Amino acid sequence: MEQTVKAKERKSTALFICMTALATAIICVATMVIQIPIPLGYAHLGDSCILLASVFFGWKTGIFAGGVGSAMADFLTGYSQWVLPTLIIKSVQGFLIAKICRNREGEFKILSVRTALAAAAGILEMALGYVAGGAVLAGSMAAGIASAPGLLLKGVLNIAVFYVVALALEKSGVKKFIPVK
Amino acid sequence: MAITLEHVEYKYSEGTPMETDALHDVSLEIKDGEFIGLIGHTGSGKSTLIQHLNGLMRATSGDIRYNGGSIYAEGFSMKELRSRVGLVFQYPEHQLFEVDVFTDVCFGPKNQGLSKEETEERAKEALSLVGIGENYYKKSPFELSGGEKRRVAIAGVLAMRPEVLILDEPTAGLDPKGRDEILGQVVRLHRERGMTVILVSHSMEDVAKYVDRIMVMNHGELVFNDTPKAVFAHYKELEKMGLAAPQVTYIAHALKDAGFPMKTDVITVEEAEEAILCTLGKE
Amino acid sequence: HKLDPRTKLFGTLVLIAALFVADNLFCYILAAVFLFGTIRLSKVPVKHIVKGLKPVIFLLLFSVVFNLFLTSGEVLVRFWVFKITREGLLRSGMMAVRLIFLVMGTSLLTFTTTPNQLTDGLERSLRFLRVVRVPVHEIAMMMSIALRFIPILVEETDKIMKAQMARGADFESGGLIKKAKAMIPLLVPLFISAFRRASDLAMAMEARCYHGGEGRTKMKPLRYAARDRAAYLVLLGFLACIILLKIFL
Amino acid sequence: MGIIKTKNLVYNYIKRDEEEKIEEVSEAVKNVSLDIKEGEFVAILGHNGSGKSTLAKHMNALLLPTEGTIWIGGRDSLDEDNLWNIRQTAGMVFQNPDNQIIASVVEEDVGFGPENIGVPTDEIWKRVDECLKAVGMSAYRTHSPNRLSGGQKQRVAIAGVMAMEPKCIVLDEPTAMLDPNGRREVIRTVLELNEKKGITVILITHYMEEVIHADRIIVMDEGEIVMEGVPEEIFSRVEELKKYRLDVPQVTELAYELRKKGVPMRPCILTVEEFVTEIMDTYRKHSE
């Protein structure tokens, strides 16, 4: 029995790296590829994937996968001037979500006030961040604020997607695959 | 009642320097109740071809007719077409998502807008067709073995009661017994239900054993379209395309070259056995 | 453009800093000379870089229009409630140039550096962070694995979508809730397959003796060449000029 | 003692429910003892779930025995100090080519293993050159693995293992996801490594055509070794193989059927040439 425990501990570094890397890749792909038509254009699913990754995997993955995954999507799709703001905004978003949704013991439930708060906080932070980012890049507050309604609408859709997918994932017994930290 | 392709072309990234021909002037006909094998090496265009048959990809030029009507005509329902022409992709992992096996199989008929009773009835029927018993209904599809997953995936498409069933390498990665089981069930569907089946496969032995007609794709072109015996007679050309004939065909040719008088158009072990015994018996 | 990725990163940072510091015409002229000089040296076709501007056109127009009309100052033209002021004209022009230069500079980096080189460059540049216990090696490892899997996951997303569409799934129509629900058949298989890949990959890494950054050697260690040193000198000179211009003009 | 030796090896998979309570214990490997000599080419056959992959993972210390012992290069895998030595002695190639290539450039992936074990830079380059040449992938060294065919990816994975200079290489169904061309490429590469470099090969597969050149075949079922011997011997027991959900090459089956019908033939025919010689002998005797 003792050996298997050791084997598990040893495994954690590589597994944690791979899980986080895959979460990063999913966030990047969801941002770049999956597009859903909504009023005011198209929404991507980057934010719901950040929510999923941060809620399921915790703050370390949240910061890295959220920030880097989204920044990579910006870099690869040619919005390279957004890379830096995105990196900051989405890292904070991942961190906030993961920290708020867990209680002191580090447990979480999908259907709980904490998770709802976490999702709302994450989306608000994202919207505020991009408004500020737009303002800095364009040099005017108005340009930033003009993008706010679209951002919020996307945020709402992403929260909805997060909930239905998180519940489905939980039911399918994904928790088994998640490395324990 | 048939699918006809007329001079279908498909180009990737048309109009850019990266333009590549994925399908080149493909014309063919699939009649009702046929069992067809589709072979070709990786990248020969066979996946592109089957995705055209149910409208997942749109031909750059040419026409595809389903039961006489062009599928590109205005007002033609692609959703309808997709429920008539069922396509099962290679990896079952790409389509299984529900909490349990039964609900997953219900996804297709539910999308067709059927009532709950009808949906469940069809799911039960489809699962029994692929030999998945009721004790599996409440299991998570992710806990199944490779062969079982594959069968549930096929049931997921069968539940839509398609008229044509296209299977993209349904046996890849399975052990020999698992391969035989899946193919056996497909053959039963074909024989008992009269379903049109298109089997994409890398195994010449399997294709030789089951299908009525073989279509061979190479570099986006349909190069052979004939009975298995006729196609495997071109075994040297097939080899140049990175394909082969069943091993028994090679045995027959080797024997003949060594001076053993026998017919060479054998494609299954039974046929070869009969032919060899026949020659030996005569002497 | 055979510079060390670290040099390129630093260069881009300098350019961004310079653009935000710059507030007069001479600064911009200098930045322009610098930017176009680098573009010429890099041999990246100008057409490609101009193409990179497309996605920001909306933002660009917006900020130009806003600054144009809403800056108070000496009025030049006036019609109805709109007035264009001298300051507004100057400001919006500067904003536009700043934004264009920013995009051009960053897309130059995109065109001359592969994401992998960037990862390498970042890993080395951030090595000092190890002192404050930031796992720089692990971060770089994650980046490069993520980059390897992005194209694979793009392809997989496409396959899953098609497999579900063959079962009659509809990703486009319906209200918000219906659209959200339509994502289950796509995202659940995507996540599950990603978990599988991650655990397979972790196993393959372990099988090849991966055990963190300790005691690892590098196949392609980064080394500064003479041209990098020259580039750093030019960059520092450029930065100094900008600051001098800002202070004395 | 051979390069890999197991004694009464047992491995139990423990399935736990949400509260970490033991729900089910399944014996994946039961009491397996075997001894593989250096330079041998051993094939392990068995249907899905027969325990062959679990056994293979013990050879790389990815799994540790529940009971019994396994020695790799004479080192006990239960001793934690041996871990990295064992993994250097026995390299491992897995089934899915996409899930084992780590870097985005072929040559960097081959260099990954040596980097981990602290090989100096110049030496890494030397090894990468050699290994890519050995698997015939030198022309693709700066390509992205995503653009390669399945067979090519598997060859890169093999090169990646070779670069650690193992004495033994364990291949866990390396051809299961490949097309016939890819399968041939990989098997040819593996055979060459075994013959030219004298590397011990342990090949796990369920394609019978791939194992006819093996020195020894081991058949597993329900976690146990049920058949063991040279290919000629194993393939002469057609009925038994079918019982274990396995197949035989068509030529073997044809010869077997003919023999049953009274055609005089040797009991185990593995290649078309052998078959033709046998039939022609009979035919000439007939004609006389």
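The values are calculated or read from the model by the stated rules, or taken from the named source; none is laboratory data. All values derive from a computational prediction rather than experimental measurement. All Cβ positions, even for glycine, are placed from backbone atoms using ideal geometry, and neighbour counts span all protein chains on display.
Quick look at the values:
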{"quantity": "Some residue of region D:250-266 being more than 9 Å from every other protein chain (Cβ to nearest Cβ), touching a residue at least 24 places away in the same chain (Cβ under 8 Å) and in contact with a Pro (Cβ under 9 Å, 6 or more places away or on another chain)", "calculated": "no"}
{"quantity": "Candidate set: region C:194-238, residues that are acidic (D, E) and modelled with pLDDT of 85 or more; chosen: the one farthest from C:R148 (Cα to Cα)", "calculated": "C:E206"}
{"quantity": "Selected residue [farther than 20 Å from A:W82 by Cα and either aromatic (F, W, Y) or at pLDDT below 70 (or both)] from C:V81, C:V21, C:V65, C:V56", "calculated": "C:V81"}
{"quantity": "Residue match in region D:227-240 (condition: in a loop (DSSP other than H, G, I, E, B), within 30 Å of D:P65 (Cα to Cα) and either touching a Lys or Arg at 6+ places or on another chain (Cβ under 9 Å) or without any contact (Cβ under 8 Å) to a residue 60 or more places away in the chain (or both))", "calculated": "yes"}
{"quantity": "Long-range neighbours under 8 Å by Cβ, at least six apart or interchain, first residue at the interface with chain D (Cβ under 9 Å from one of its Cβ atoms) within region C:187-216, second basic (K, R) and buried (at least 24 other Cβ atoms within 10 Å of the Cβ)", "calculated": "C:E206/D:R87; C:A207/D:R87; C:R208/D:R87; C:C209/D:R87"}
{"quantity": "Residue that is farthest from the chain's Cα centre (by Cα) [pool: residues in region C:154-181 that are farther than 23 Å from A:G69 by Cα, among the aliphatic types (A, V, I, L, M) and more than 9 Å from chain B (Cβ to nearest Cβ)]", "calculated": "C:I177"}
{"quantity": "Qualifying residue in region C:147-161 (condition: assigned to a helix (DSSP H, G or I), of a type in the set (F, W, Y) and surrounded by 21 or more Cβ atoms within 10 Å (Cβ to Cβ))", "calculated": "yes"}
{"quantity": "Any hit, region D:3-12, residues being more than 14 Å from chain C (Cβ to nearest Cβ), free of Cβ contacts under 8 Å to residues at least 24 places away in the same chain and more than 30 Å from D:F235 (Cα to Cα)", "calculated": "no"}
{"quantity": "Out of B:D100, B:D104, sole residue that is acidic (D, E) and out of contact with any Lys or Arg (no Cβ under 7 Å at 6 or more places or on another chain)", "calculated": "B:D104"}
{"quantity": "Helices (runs of 4 or more DSSP H) wholly inside region B:1-115 that include at least 2 residues being surrounded by fewer than 20 Cβ atoms within 10 Å (Cβ to Cβ) and modelled with pLDDT under 85", "calculated": "B:78-84"}
{"quantity": "Residue pairs meeting the criteria (Cβ under 6 Å; at least 6 apart or on separate chains; first more than 7 Å from chain C (Cβ to nearest Cβ), in region D:92-103; second among the acidic types (D, E) and assigned to a loop (DSSP other than H, G, I, E, B))", "calculated": "D:Q95/D:E173"}
{"quantity": "Test: B:L167 is among the hydrophobic types (A, V, I, L, M, F, W, C), surrounded by 22 or more Cβ atoms within 10 Å (Cβ to Cβ) and away from chain A (no Cβ under 14 Å)", "calculated": "yes"}
{"quantity": "Residues (aliphatic (A, V, I, L, M) and more than 28 Å from the chain's Cα centre (by Cα)) located in region D:263-288", "calculated": "D:V263, D:M265, D:V276, D:I279, D:M280"}
{"quantity": "Listing of strands (runs of 3 or more DSSP E) fully contained in region D:1-69 that carry 1 or more residues being farther than 30 Å from D:V248 by Cβ and modelled with pLDDT of 90 or more", "calculated": "D:4-16"}
{"quantity": "Filtered residues of region A:19-66 (kept if over 24 Å from A:R114 (Cα atoms), part of a loop (DSSP other than H, G, I, E, B) and away from chain C (no Cβ under 11 Å))", "calculated": "A:L40"}
{"quantity": "Search result, residues across region A:91-108 that are over 10 Å from A:V55 (Cβ atoms) and either of a type in the set (D, E, K, R) or modelled with pLDDT under 85 (or both)", "calculated": "A:K99, A:N103, A:R104, A:E105, A:G106, A:E107"}
{"quantity": "Residues of region B:173-204 that turn out to be under 18 Å from D:L246 (Cα atoms), charged (D, E, K, R) and surrounded by fewer than 21 Cβ atoms within 10 Å (Cβ to Cβ), as a count", "calculated": "3"}
{"quantity": "Selection from region D:104-143 of residues that are touching an Asp or Glu at 6+ places or on another chain (Cβ under 8 Å) and at the interface with chain C (Cβ under 9 Å from one of its Cβ atoms)", "calculated": "D:P114, D:I124, D:V128"}
{"quantity": "Subset of region C:24-45 that is modelled with pLDDT under 70 and of a type in the set (A, V, I, L, M) - its residue that is surrounded by the fewest Cβ atoms within 10 Å (Cβ to Cβ)", "calculated": "C:L25"}
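Per-residue answers, yes or no, for (1) assigned by TED's automatic domain parsing to the domain that holds D:L203; (2) surrounded by fewer than 21 Cβ atoms within 10 Å (Cβ to Cβ); (3) more than 25 Å from C:E214 (Cβ to Cβ); (4) touching a helix residue (DSSP H, G or I) at 6+ places or on another chain (Cβ under 8 Å):
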{"site": "D:V25", "(1), (2), (3), (4)": "yes, yes, yes, no"}
{"site": "D:D35", "(1), (2), (3), (4)": "yes, yes, yes, no"}
{"site": "D:G51", "(1), (2), (3), (4)": "yes, no, yes, no"}
{"site": "D:N60", "(1), (2), (3), (4)": "yes, no, no, yes"}
{"site": "D:E67", "(1), (2), (3), (4)": "yes, yes, yes, no"}
{"site": "D:A90", "(1), (2), (3), (4)": "yes, no, no, no"}
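Residues are listed down the side, and each one gets a yes or a no for (1) under 17 Å from the mean Cα position of the chain (by Cα); (2) within 30 Å of D:Q250 (Cβ to Cβ):
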| site | (1), (2) |
| --- | --- |
| D:A134 | no, no |
| D:Y140 | no, no |
| D:N146 | no, no |
| D:M162 | yes, no |
| D:V170 | yes, yes |
| D:V190 | yes, yes |
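Results for (1) assigned by TED's automatic domain parsing to the domain that holds D:G74; (2) surrounded by 24 or more Cβ atoms within 10 Å (Cβ to Cβ); (3) without any contact (Cβ under 8 Å) to a residue 60 or more places away in the chain, shown as yes or no for each residue.
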position: D:V110; (1), (2), (3): yes, yes, yes
position: D:V119; (1), (2), (3): yes, no, yes
position: D:G136; (1), (2), (3): yes, no, yes
position: D:T142; (1), (2), (3): yes, no, yes
position: D:Q154; (1), (2), (3): yes, yes, no
position: D:V161; (1), (2), (3): yes, yes, no
position: D:V170; (1), (2), (3): yes, yes, no
position: D:R183; (1), (2), (3): yes, no, yes
position: D:T189; (1), (2), (3): yes, no, yes
